[in-house]
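Written below as structure tokens is the structure these notes are about.
Rule-based calculations on the coordinates, nothing more; no lab input. Keep in mind that this is a model prediction, so the values were computed, not measured. We place every Cβ from the backbone using ideal geometry, glycine too, and count neighbours over all the protein chains shown.
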């Protein structure tokens with residue numbers, strides 16, 4: 001029945017209007033699969049009837065036939081390239097961005113048109129394809145050059161930031177310059193290119209301050225980010241629950257200076273004449289904690305997916321740190337589990353010894369020997 005199914009597939013492919021190369025690949029694959037199927041069937045039948053050493057040999061031949069069937073059906077399943085294409089800084093040295101995106105300063109972005117070319121027009125040579133991905137900062141290739149971009153290839157991404165970073169790709173016909181400016185996009189692939197980049201001098205710093213708070217629900221805030229006349233230098237969208245709690249208003253003269261920006265911490269100084277907002281264009285997440293002059297402060301979800309902290313008048317030292325307490329609890333529980341396993345293993349190894357030689361048994365024997 002399997003041979004008939006293979007023959008039917010080959011026949012259907014022969015009747016379909018496909019290129020000659022595809023038809024040749026189909027009948028060659030069908031013929032080779034039929035040959036392996038017959039070989040595996042014969043070896044299996046012989047294996048079931050054999051005894052002794054012959055059975056072992058036939059078993060090895062049967063496994064080898066299965067392996068050959070697999071490796072010839074999906075050749076080069078895990079291809080490799082020269083290590084040089086993974087060299088750190090390769091793309092940065094060749095692209096010569098001006099200015100180069102740096103952590104805490106600005107970001108790069110793959111344009112929607114370029115992403116479409118990278119996704120649906122692969123290069124036939126793997127090494128050239130990956131090198132093109134490096135130069136285009138596709139997926140997580142930017143990490144090899146230490147270049148931040150607005151998104152990447154992550155298994156888990158917070159819902160809000162995922163929706164915001166997808167807006168330029170869902171609306172490629174709209175010039176969402178205000179949103180790109182707020183996210184600090186200083187370099188973007190040129191129209192029609194894949195790794196030709198153009199600079200965006202209008203990009204805002206990652207950390208800004210003094211915006212006028214606008215209180216809105218999630219839907220209104222997300223819709224506002226799609227507006228082309230939005231000025232996120234002047235306004236910042238905060239959730240409805242911040243109304244009545246946040247007293248800050250627009251402070252055009254407010255100054256914010258970043259003293260250190262790392263992957264798990266941001267240190268900055270603010271100065272304003274009245275209460276104002278410090279806005280950080282990085283993902284809002286519960287694990288981020290804030291302290292203003294050493295005292296805990298609340299981090300508000302700003303512009304639907306980012307961060308904002310209210311500071312009072314005067315000069316302040318603001319520190320944001322990523323403190324994943326759940327992860328720490330998991331580490332403690334894992335350590336306790338390892339200690340428990342080690343203790344049980346030790347008791348299992350030492351138990352028979354203790355049963356054979358109870359504590360004190362040696363002293364009693366020696367005493368009895370002395371009396372005798």
Build a GNM of the chain with springs between Cα atoms under 10 Å: which of 87, 216, 113 gets the top mean-square fluctuation? 87
Between 118, 43, 222, which gets the highest mean-square fluctuation from a Gaussian network model of the chain, Cα cutoff 10 Å? 43
Count the DSSP beta bridges whose two residues both fall in the chain, then state the antiparallel fraction as a percent rounded to the nearest 5. 80
On a full-extension model of 0.36 nm per residue, what is the gain between residue 29 and residue 2, subtracting their alpha-carbon distance, rounded to one decimal in nm? 8.3 nm
Treat each spin label as a single point 7 Å out from the Cα along the C-beta direction, and report the residue 196 to residue 253 distance in nm. 4.8
Starting from the 7 Å offset along Cα-to-Cβ, what nm value, one decimal, do you get for the label separation of residue 69 and residue 328? 5.5
With the chain treated as a Gaussian network of Cα nodes joined by springs under 10 Å, which of 16, 190, 80 yields the largest mean-square fluctuation? 16
Remind me, relative contact order of the stretch 71-180 in percent, using alpha carbon pairs under 8 angstrom and six or more residues apart? 32
On a C-alpha basis, how far is the centre of the stretch 232-274 from the centre of the stretch 307-333 in Å? Whole number, if you could? 15
Where does each of 295-308, 197-210, 24-37 land if you order them by average Cβ count within 10 Å, highest first? 295-308, 197-210, 24-37
The stretch 84-121-the stretch 193-220 distance, computed between alpha-carbon centres (Å): 19
Using the beta-carbon distance between residue 103 and residue 339 and R0 = 41 Å, what value does 1/(1 + (r/R0)^6) give for FRET efficiency, to the nearest 0.05? 0.60
Just to verify a number: FRET efficiency for residue 51 and residue 350, C-beta to C-beta distance, R0 = 51 Å, to 0.05? 0.65
Would you mind ranking 13, 140, 145 so that the residue whose beta carbon has the fewest other beta carbons within 10 Å leads the list? 140, 13, 145
Here the relative contact order (percent) of the chain, from C-alpha pairs under 8 Å and at least 6 apart, is 11
Which FRET efficiency value, to the nearest 0.05, is calculated for residue 40 and residue 14 with the Förster distance at 30 angstrom and r the Cβ-Cβ distance? 0.75
For the stretch 147-161 and the stretch 1-56, compute the distance between their C-alpha centroids and round to whole Å. 45
Tell me, what is the percent relative contact order of the stretch 2-73, built from C-alpha pairs under 8 Å that lie six or more residues apart? 28
Contour minus Cα-Cα distance for residue 298 and residue 243 (0.36 nm per residue): 18.4 nm
